[in-house]
Amino acid sequence: MNLHDLVRPNIWNLTPYSCARSEFSGKASVFLDANENPFNSPYNRYPDPLQVELKRLISAERFISADQIFLGVGSDECIDLAYRVFCEPGVDNAVAMSPSYGMYQVCADVNNIGYREVPLTDDFQLDVKAMFAAVDSHTKLMWLCSPNNPTGNAIDIGVIRDVCQRFHGIVIVDEAYGDFSSKGTMLRYLDQYPNLVVLQTMSKAWGSASVRLGMAFASPEIIAIYNKVKYPYNISLLTQQYAINAMRHSEDVRRWVDTILSNMKVLVNDLQSLPCVRHIYPSDANFVLVRVEDADALYDFLLARGIIVRNRNRVRKCLGCLRITVGTADENNELINALSEYGAK
């Protein structure tokens, strides 16, 4: 892969903003460089622009070199940066599996990038032949979500590797739900495929959606370009402090994941006994896609009882489906009781 040919010329030639905290190495005791207020420590100081301590902990947790890690304001910043770095507005395009996470298209539209959706097969598998049929000389990105949202299933690692091998642009694999899956991660193949970018997040298994911290893993060369384009202090001190503490207590995450997966088994079993449920799709995530007898009516019924699920009835290949997140045992029981009441009407 020739990275120079994939990156937008203006980005490749960009001289990044040089912020105060990145212009020296070592420790300092007097900071008179950034026009900060000298009072109200530590919040008066700009945060580490490259999140060195946090990346060191993520590196140890994910077994990835720190120079292969980019941190964004949620995965959404990592998604948006992919378009800004690689795609020329009004010229280039991206190819994506469908249905999948809606922000891939939203960010494409914001950046004026063509977005080509390729339907999954009827059993929600990747149609590799159709994906490559949608590719042309201006296709810079290919979006794969595994485990996929909203279908819940993971894509076979061998299939993803085949795509990385054959596609001459950037393959972005979104593993937001990967901590719940036993199917493996593409992180182990980063050194093998220089065109691979893997996205992960603290929003799901790490129970930290409100913190807004996303992670992109890629070659050091791609990460260096991301760092050149991002805003200087994109990750606040508060976020970094929180995430550092979370990384030091990763055993909590493993316990939460085990509990959620256990709760899912019970939830699926209970759902299967309900007359309003037509089919429950296999899931490698922390949610299940459920086809019901009348998705719109059932969604409104639950909403009136203060129970919010996701209505996917109008999403491609998800006709008649609700997406249900696995909650606590009590929350799941409340849902099942409401669905039972609906079926008894």
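The values are calculated or read from the model by the stated rules, or taken from the named source; none is laboratory data. Computed from a prediction, not measured in an experiment: that's the story for all the values here. When we count neighbours, we look across all protein chains shown, and the Cβ atoms used for this are built from the backbone with ideal geometry, even at glycine.
Take the residues of the range 63-75 that are touching a strand residue (DSSP E or B) at 6+ places or on another chain (Cβ under 7 Å) and part of a helix (DSSP H, G or I): which is surrounded by the fewest Cβ atoms within 10 Å (Cβ to Cβ)? That would be Gly74. Which residue pairs have Cβ atoms under 6 Å apart, sit 6 or more places apart or on different chains, and have a first residue in the range 240-253 that is in contact (Cβ under 8 Å) with a residue 60 or more places away in the chain and a second that is among the polar types (S, T, N, Q)? Qualifying pairs under 6 Å: Gln240/Gln51.
If you scan the range 253-278, which residues turn out to be of a type in the set (Val, Ile, Thr) and farther than 20 Å from Tyr299 by Cβ? Steps first, please.
Kept after step one, since they are of a type in the set (Val, Ile, Thr), are these residues of the range 253-278: 253, 257, 259-260, 266, 268, 277.
Val253, Val257, Thr259, Ile260, Val266, listed by residue number.
Answer with yes or no whether Ser208 is more than 17 Å from Met142 (Cα to Cα), assigned by TED's automatic domain parsing to the domain that holds Ile157 and without any contact (Cβ under 8 Å) to a residue 40 or more places away in the chain. Yes; evaluated as a whole, the condition is true for this residue. Would you confirm whether or not the range 239-262 contains a residue that is part of a loop (DSSP other than H, G, I, E, B), charged (D, E, K, R) and within 19 Å of the chain's Cα centre (by Cα)? For the range 239-262, residues part of a loop (DSSP other than H, G, I, E, B), charged (D, E, K, R) and within 19 Å of the chain's Cα centre (by Cα): absent.
From Glu251, Glu331, Glu293, which residue is modelled with pLDDT under 95 and farther than 25 Å from Glu77 by Cα? Explain how you work it out, then say what you get.
Values: Glu251 fails: modelled with pLDDT under 95; Glu331 fails: modelled with pLDDT under 95.
Exactly one residue qualifies, and that residue is Glu293.
The residue that is farthest from Thr325 (Cα to Cα), counting only those in the range 271-314 that are among the hydroxyl-bearing types (Ser, Thr, Tyr) and assigned to a loop (DSSP other than H, G, I, E, B), is Ser273.
Here Arg116 qualifies as over 18 Å from Leu199 (Cβ atoms) and surrounded by fewer than 22 Cβ atoms within 10 Å (Cβ to Cβ).
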